[in-house]
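Nothing in this text is a laboratory measurement; each read-out follows from the coordinates by a stated rule. Keep in mind it's a predicted model, so treat the numbers as computed, not measured. Cβ: placed from backbone, ideal geometry, glycine included. Neighbour counts: every protein chain shown.
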Amino acid sequence: MDIIIGLSATIAILALAVIFGTDVVAAVVFRPVYAEIDDRSLVQVTGRGHYYGDRRLPVVGILGTVLTAVVAVLSLLWGTPFTAAASGLALLLLLVWLTLFARISAPINKQLTKAALADEVPADARALQARWESIIPLRAVLLGLSILLLCGTILLG
């Protein structure tokens with residue numbers, strides 16, 4: 001069973017690392033770039049980025065979350081108290097990330113995507129982007145901690 005838990009955690013880590021990397025790049029690289037470009041370019045770049053990201057990234061995010069849940073359940077049944085606690089906490093952090101994404105990021109993604117595809121610039125484009133960026137460091141931390149906890153299930157399981 002340790003092999004199944006370890007393999008599930010490894011694949012979950014790889015999947016979540018894709019989303020984590022995206023959030024980190026958004027926080028470290030894209031934020032200052034977006035601050036330096038005009039509103040029309042901001043809407044075009046972010047809106048089209050969300051257009052593709054919102055269609056392509058859910059597969060890996062869902063895979064990572066489902067496998068984290070699998071690791072938590074299997075660790076509870078056949079793992080150690082540490083692996084059960086670590087993977088359960090990793091899952092909880094992912095659920096917080098998903099809540100933030102669903103309530104704040106996703107609606108903004110849709111607005112900016114719609115505007116970009118219609119070649120429009122909303123009057124509140126900067127405010128939308130600022131709201132989106134306001135939670136990106138927290139999203140990155142939540143995913144980073146989830147990944148570290150899953151690593152712990154492999155190392156100490």
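Summary of computed values
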item: Nearest-20 debye value, the range 2-70 charge dipole, Cβ charges on Lys, Arg, Asp, Glu; result: 180
item: Proportion of all alpha-carbon pairs of the range 36-99 beyond 19 Å (%); result: 51
item: Estimated D of the range 70-157 in µm² per second, where Rh is the Kirkwood radius over Cα pairs and Stokes-Einstein applies at 10 °C, 1.306 mPa s; result: 107
item: Relative contact order [Cα under 8 Å, 6+ residues apart], the chain, whole percent; result: 42
item: GNM flexibility winner over the chain from 91, 63, 117 (Cα, springs under 10 Å); result: 117
item: Among 124, 23, 54, residue whose mean-square fluctuation peaks in a GNM of the chain (springs only between Cα atoms under 10 Å); result: 124
item: Correct option for Kirkwood radius over Cα pairs in Å [calculated from the coordinates] among (1) 16.4; (2) 20.4; (3) 15.2; result: (1)
item: Helical contribution to [θ] at 222 nm, DSSP H n ≥ 4, -39,500 (n - 2.57), averaged over the chain, rounded to 500; result: -28000 deg cm²/dmol
item: Tilt relative to the chain, helix 106-117 - C-alpha long axis, 0 to 90 degrees, to 10; result: 40
